[in-house]
1. Within the set of pairs 6+ apart or on separate chains, which have a first residue in region 2-31 that is surrounded by 10 or more Cβ atoms within 10 Å (Cβ to Cβ), a second that is among the hydrophobic types (A, V, I, L, M, F, W, C) and not in a loop (DSSP other than H, G, I, E, B), and C-beta atoms under 7 Å apart?
2. Taking the stated definitions as given, is Ile4 in a loop (DSSP other than H, G, I, E, B), of a type in the set (A, V, I, L, M) and touching a Gly at 6+ places or on another chain (Cβ under 9 Å)?
3. Which of (1) of a type in the set (Lys, Arg); (2) modelled with pLDDT under 85; (3) not in a helix (DSSP H, G or I) is the odd one out, the single condition Arg51 does not satisfy?
4. I'd like the full set of residues that are of a type outside the set (Asp, Glu) and either loosely packed, with under 11 Cβ neighbours inside 10 Å or on the phi > 0 side of the Ramachandran plot (or both), limited to region 32-42.
5. Which pairs do you get when a residue that is closer than 22 Å to Asp5 by Cβ, found in region 32-57, comes within reach of a residue that is among the aliphatic types (A, V, I, L, M), reach meaning Cβ atoms under 6 angstrom, with the pair 6+ apart or on two chains?
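The values are calculated or read from the model by the stated rules, or taken from the named source; none is laboratory data. Small disclaimer: the values here were computed from a predicted structure and weren't measured. Cβ: placed from backbone, ideal geometry, glycine included. Neighbour counts: every protein chain shown.
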Amino acid sequence: MAKIDKRFQILLSEEEQILLKNEASRRGVSQGELIRMALKNEIIQKSELLRRQALVALTELLD
C-alpha cells in the first residue's frame, strides 16, 4: 500500500457528505479511503477508454 503523506481538502454538499458517509460505512472503509478508491477508479477508467479508442483508431488505419 502506498504511503499516505499528503493532505487534500475539498468541500462537499451536505448530500455528498451523507452519501460518502453511508457508502463508506456500507463498505467498511474510511471516507478518505473511499475517496481515494473513487479517484483511482475514475482515472483508470478514463485512461482505459482512451487506450481502447486509440487502438480502434490505429486498427482502422491499418486495415
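1. Leu12/Leu20; Leu20/Leu34; Glu23/Leu34; Ala24/Leu34; Arg27/Leu34; Ser30/Ala24; Gln31/Leu20; Gln31/Ala24
2. In short, yes.
3. Unmet condition: (3).
4. Passing the criteria: Lys40, Asn41.
5. Leu34/Ala24
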